[in-house]
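Written out below as structure tokens is the structure these notes cover.
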């Protein structure tokens, strides 16, 4: 194929993985600061749509899982439309849960193919970083969903709903990276068990990726 003769930096696979990674970075740093105003909701919807399209583009070469991705993206868009029609707590809970499931599924599919690829290309390394961010977002949005159901599930007080969203995404990533500053504590069994699993996965995942990269270096030398 013609694109195989292109420089690595402009190959379609690398461009797709880079665009998806960039969209995840944007949603991490911008989405928590968007408020419930019309402009904030429009930007939030555009960010979600961008990550959905980016995820679909990255998954497209894996035809055996593309139908699952199509179904999830379609349901995600439907929920986004409903969130514009019905504004309430229930829709916010569904949106948080939707984000958690979508990002978690993307992470699982990409991780499955990442373990099969030999050797890792630039696009696969980009996908490896995306998986790490997807896992942090997936757990973070589930914490948001759980805190919406049970407001006393975490030791967060005297803050707005938007700040709680930001704090729980932050809590997810410091748990994933095993930093653990101790400023936020889960008080119920479900978030505590999830925090344990997220910590174990974060440690295991870094070890796997470093092992793959070291193996690539040894095989090429």
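Ranked by the mean number of other Cβ atoms within 10 Å of their residues, highest first, the peptides 139-148, 168-177 fall in the order 139-148, 168-177. Each of the peptides 184-194, 48-58 was scored by the mean count of other Cβ atoms within 10 Å over its residues; in descending order, highest first, they stand as 48-58, 184-194.
Residue 112 to residue 49: extension gain in nm, 0.36 nm per residue of separation minus the Cα-Cα distance? Don't skip to the end; give the middle numbers.
Values: separation 63, 0.36 × 63 = 22.68 nm, distance 2.39 nm.
So the chain would gain 20.3 nm between residue 112 and residue 49.
Among 95-104, 127-136, 22-31, sorting by the average number of other beta carbon atoms lying within 10 angstrom of each residue, highest first, gives 127-136, 95-104, 22-31.
Return the distance in nm (one decimal) between the two label points of a simple spin-label model at residue 82 and residue 33, each offset 7 Å from Cα along Cα→Cβ. Simple spin-label model gives 3.1 nm for this pair.
Values in this text are rule-based calculations from the coordinates and carry no lab data. Not measured: the values here are computed from a predicted model. For neighbour counting, all protein chains shown are included, and Cβ atoms are generated from backbone atoms with ideal geometry for every residue, glycine included.
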